[in-house]
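In what follows, a structure is listed as structure tokens, so that the remarks can point back to it.
The values are calculated or read from the model by the stated rules, or taken from the named source; none is laboratory data. Please read all numbers here as calculations on a predicted model, not as lab measurements. Cβ atoms come from the backbone with ideal geometry, glycine included; neighbour counts cover every protein chain shown. Each accessible area value is taken on the protein alone, full model and side chains, heavy atoms only, with ligands, DNA and RNA left out. Shrake-Rupley method; radii C 1.70, N 1.55, O 1.52, S 1.80 Å.
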Amino acid sequence: MRGRALFLMAGLAVVAGPSPAAEAGEGWSYVEVDAARGKWGDFAEPEWLRYFGIDATDMDGDGDLDLVSGRYVYRNPGGDMEAWERFDLGANVDGMVAVDVDGDALADVIAQALPEVAWLEAEDAGLQRWRRKVIGTLPKTGHNNGQGYGVSDLDGDGRPEVLLTAADGIYAARIPKDPAAGAWPWVRVVTRGTDEGFAVADMDGDGDADLVGGDGPPGDETPTAVAWWANPGSLEEGWCRHVVGETVHAVDRVVAVDLNADGWMDVAVSEERYPGKEPDAHLWWFEAVEDVAAAFTRHQLVEQYSMNNLDAGDVDGDGDLDLVTSEHKGPDLRAQVFENDGAGGFTLREIDRGKECHLGMRLWDLDGDGDLDIVGPAWDDYRFLHLWRNESSGGPVAFRKVTVDEEGPHDPWTKIAGDLDGDGRGDLVVGGRKGPLVWYRSPDWTKHEIADGGWSTVGGAAGDVDGDGDLDVVMGGTLWYENPGGLDTTPDAGWVVHRIGEDPTHDVAVGDLDGDGRLDVVTRNQSEFDAKAGDRVRIWLQGPGDHWRGVVLECPHGEGVAVGDLDGDGDPDVVTGGVWFETVRQSGGVEWAGHRFADWHPNATVAVADLSGDGRPDVALAPSELAGQVHRLSWFEAPKDPRAGGWPEHVVVERQEAVVHSLAAADVDLDGRPDILFAEMHQGEDPDVVGVFLNRGESWTRRVLGAAGSHGLQPVDIDGDGDVDIFGANWSGPDQAVELWENLRR
């Protein structure tokens with residue numbers, strides 16, 4: 001056992017050895033922190049025992065979070081984090097807690113080698129040498145050391161307590177004012193439970209920290225009950241026990257956070273199965289009820305192989321708390337994120353396979369880019385310490401979902417956004433299939449009627465049609481509603497309707513196409529609305545006296561239209577799925593020349609923006625009405641001469657459920673690059689995702705904002721703070737609420 005001297009020495013060790021596959025799922029990069037870890041049994045009995053523990057803190061003062069795990073400390077290299085330095089603590093211990101013990105500049109670690117608990121302090125800033133001091137004794141567990149640990153100020157004196165599990169409960173020790181003077185005073189706070197995980201949270205809302213964990217008789221290693229213990233205000237008094245609920249198999253990891261944004265702490269629990277040969281372990285979340293002393297409501301998230309891993313945090317940057325776990329057993333060893341929709345609805349997203357973790361999948365921002373990365377040490381394949389880097393650089397992207405109207409116009413087909421009352425905040429317009437057409441005024445979302453009629457169109461737009469300085473509303477059919485002005489003081493003033501032409505439409509866009517200073521209107525008809533009308537794009541050119549002239553551009557059956565200056569000549573062009581119509585001004589008027597830029601299905605949502613950053617508008621396309629099918633979502637890069645063809649296709653996502661009836665481009669994370677907003681409508685298979693693809697220059701990071709679907713998403717700054725919020729509603733189905741995703745970037 002003593003032949004592997006490398007692991008007996010304090011100081012830097014060379015990390016080397018074979019590694020698992022280094023691939024990871026979309027939006028994540030895998031980093032192998034270590035592939036040559038030793039195990040407890042290399043140095044002491046029992047021979048089979050591995051190391052426990054993982055924690056993060058800045059140990060060397062460079063601003064990056066470093067890691068402690070088992071007997072090793074790892075210095076964060078920063079940047080892409082590809083080359084971590086490993087240091088040995090010089091003792092066979094489970095380093096579990098990184099906490100400032102004595103207030104100096106040197107790193108401190110609390111470690112177990114039960115029955116001894118030790119404080120290890122670095123003797124130099126380089127983490128090369130460590131001094132060990134025994135600070136107490138606790139009862140050994142069946143695995144020698146406990147598997148639960150943490151730090152919290154339980155007694156409210158402003159100094160943290162170190163919390164550790166042992167064979168007969170959860171212990172807490174105040175860090176003494178003179179921590180080097182002798183043994184610390186350890187108090188058994190919870191006299192039931194197990195040596196597995198626990199959580200610290202204010203469960204009853206009284207301002208102090210309570211404890212949550214597995215509940216069983218003292219020494220029970222496999223409880224199937226969960227409880228929380230109310231903090232009496234001191235360590236020594238009796239902590240009152242309250243039942244949370246029951247599991248099916250042994251409680252392993254526990255977190256306590258507010259998962260459904262109701263103000264009360266919920267509990268999530270992963271189950272352990274040993275030997276773990278069957279996929280019958282569960283991940284549960286227990287929803288707090290109004291009476292926190294009563295049993296919680298249990299929800300199952302997944303049944304699979306043993307999950308000895310769990311943490312909670314805002315992984316996708318949408319403002320709510322997600323759950324991360326991974327399988328500790330089984331053939332696939334799946335690493336997973338359960339993305340929260342903000343109300344306790346979860347979407348499972350697999351980020352990797354084949355990398356086993358134990359007491360891991362812990363969340364910290366290790367690269368300092370504002371999002372949460374994942375770390376996990378292995379047990380069966382104990383040599384490895386795994387890291388998954390969250391590729392959401394540029395800071396977190398967080399949205400808060402707001403329900404503007406629980407029951408808006410029935411079948412809210414049309415969604416339009418714009419500042420109708422001129423107060424600097426974006427307002428929302430919604431048109432029901434058969435009416436009414438209403439606008440919601442920001443910020444209180446009072447509802448005001450524009451018209452009571454219906455249009456059977458999903459298209460509409462806001463623009464200054466009459467040139468008087470305020471925004472009017474254009475509807476398919478084709479009509480425009482004149483803004484009466486003064487809406488800041490008289491929001492219910494009457495809107496005057498003007499007829500553009502008799503033409504059934506599906507899509508509507510606006511722009512000054514002929515350069516005469518007046519706003520023109522572009523519509524696209526979908527023949528299912530009027531078989532006799534056929535498929536076409538129609539341009540309505542505005543003349544003097546509210547006179548409109550229609551020009552027809554032939555196109556295949558389908559939907560989707562956008563306006564943008566693709567050739568850079570100052571005139572807006574018209575874009576559909578795979579074809580763009582060049583606006584050509586001549587002495588006798590204006591004409592349009594069609595150019596194909598992509599071989600794409602004519603049912604496409606369209607967005608035009610400079611996605612590459614080269615100064616030329618590019619085109620994004622998504623499949624819109626191919627229910628039951630899967631298609632790619634791509635963007636096409638404009639060449640120097642867009643008329644000549646040769647638009648390179650860049651696939652954002654290869655397999656996309658083909659019901660994306662929302663596509664828009666806007667810089668939601670304020671990094672200077674347009675991102676892609678998208679939503680699946682309710683015709684798709686559940687969950688119907690609302691999300692954003694963040695533009696990273698050479699790649700795209702998918703962020704899910706919700707899992708109930710939407711239709712006709714519109715980017716809009718609803719609060720005037722300079723960032724982009726998102727507005728939408730499903731077009732039909734059981735959930736037709738008018739919804740807003742408020743950007744919390746500023």
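Laid out as a table, the results:
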| read-out | value |
| --- | --- |
| Residue tally, condition part of a loop (DSSP other than H, G, I, E, B) and among the basic types (K, R), over region 344-374 | 2 |
| Region 444-473, residues that are buried (at least 21 other Cβ atoms within 10 Å of the Cβ) and more than 21 Å from I718 (Cβ to Cβ) | W455, T457, V458, G459, V465 |
| Criterion: open to solvent by 20 Å² or more (accessible area, probe 1.4 Å), at pLDDT below 95 and not charged (D, E, K, R) - qualifying residue of V551, V608, V563 | V551 |
| Residue ID - surrounded by the fewest Cβ atoms within 10 Å (Cβ to Cβ), chosen from residues in region 154-166 that are modelled with pLDDT under 95 and out of contact with any Leu (no Cβ under 7 Å at 6 or more places or on another chain) | G158 |
| Residue check for D618: open to solvent by less than 50 Å² (accessible area, probe 1.4 Å), over 23 Å from V574 (Cα atoms), among the acidic types (D, E) and touching a Leu at 6+ places or on another chain (Cβ under 7 Å) | no |
| Unmet requirement for I54, which otherwise passes all of (1) out of contact with any Phe, Trp or Tyr (no Cβ under 7 Å at 6 or more places or on another chain); (2) within 24 Å of L363 (Cβ to Cβ); (3) surrounded by fewer than 18 Cβ atoms within 10 Å (Cβ to Cβ) | (3) |
| Residues of region 307-326 that turn out to be free of Cβ contacts under 8 Å to residues at least 40 places away in the same chain and part of a loop (DSSP other than H, G, I, E, B), as a count | 0 |
| Residue within region 354-370 that is open to solvent by 30 Å² or more (accessible area, probe 1.4 Å), under 27 Å from A83 (Cα atoms), at pLDDT 95 or above and aromatic (F, W, Y) present | yes |
| Selection count, region 26-48, where residues are assigned to a loop (DSSP other than H, G, I, E, B) and over 20 Å from H386 (Cβ atoms) | 6 |
| Some residue of region 212-226 being touching a Leu at 6+ places or on another chain (Cβ under 9 Å), buried (at least 16 other Cβ atoms within 10 Å of the Cβ) and modelled with pLDDT of 90 or more | no |
| Flag for E654 being without any contact (Cβ under 8 Å) to a residue 12 or more places away in the chain, out of contact with any His (no Cβ under 8 Å at 6 or more places or on another chain) and among the acidic types (D, E) | no |
| Boolean, I175 is touching an Asp or Glu at 6+ places or on another chain (Cβ under 8 Å) and more than 30 Å from W264 (Cβ to Cβ) | yes |
| Strands (runs of 3 or more DSSP E) enclosed by region 396-443 - at least 2 residues per element that are surrounded by fewer than 18 Cβ atoms within 10 Å (Cβ to Cβ) and in contact (Cβ under 8 Å) with a residue 12 or more places away in the chain | 399-405 |
| Members of region 474-496 that are among the aliphatic types (A, V, I, L, M) and farther than 16 Å from K447 by Cα | V474, M475, L479, V496 |
| All positions within region 564-582 that are within 16 Å of R616 (Cβ to Cβ) and not in a loop (DSSP other than H, G, I, E, B) | G564, D573, V575, W580, E582 |
| Selection from region 566-605 of residues that are open to solvent by less than 20 Å² (accessible area, probe 1.4 Å), at pLDDT below 95 and polar (S, T, N, Q) | T576, N603, T605 |
| Counted residues, region 478-505 - those being open to solvent by 20 Å² or more (accessible area, probe 1.4 Å) and either touching a Pro at 6+ places or on another chain (Cβ under 9 Å) or charged (D, E, K, R) (or both) | 10 |
| Leading residue by the ranking (surrounded by the most Cβ atoms within 10 Å (Cβ to Cβ)) among those in region 270-300 that are among the aliphatic types (A, V, I, L, M) and over 30 Å from R745 (Cα atoms) | A281 |
| Selection from region 186-196 of residues that are modelled with pLDDT under 95 and open to solvent by 60 Å² or more (accessible area, probe 1.4 Å) | T191, R192 |
| When residues of region 306-342 are limited to those that are among the polar types (S, T, N, Q) and closer than 24 Å to H249 by Cα, the one nearest to the chain's Cα centre (by Cα) | Q336 |
| Selected residue (criterion: farthest from W186 (Cα to Cα)) from residues of region 125-153 that are hydrophobic (A, V, I, L, M, F, W, C) and open to solvent by 50 Å² or more (accessible area, probe 1.4 Å) | A125 |
| Verdict on T523 being touching a residue at least 60 places away in the same chain (Cβ under 8 Å), of a type in the set (V, I, T) and within 18 Å of V508 (Cα to Cα) | yes |
| Long-range neighbours under 7 Å by Cβ, at least six apart or interchain, first residue of a type outside the set (K, R) within region 492-505, second open to solvent by 60 Å² or more (accessible area, probe 1.4 Å) | P504/F529 |
| Conditions (1) in a strand (DSSP E or B); (2) without any contact (Cβ under 8 Å) to a residue 24 or more places away in the chain; number of the one not met by D124 | (1) |
| Set A183, A173, A167: member being more than 36 Å from the chain's Cα centre (by Cα) and more than 30 Å from E272 (Cα to Cα) | A183 |
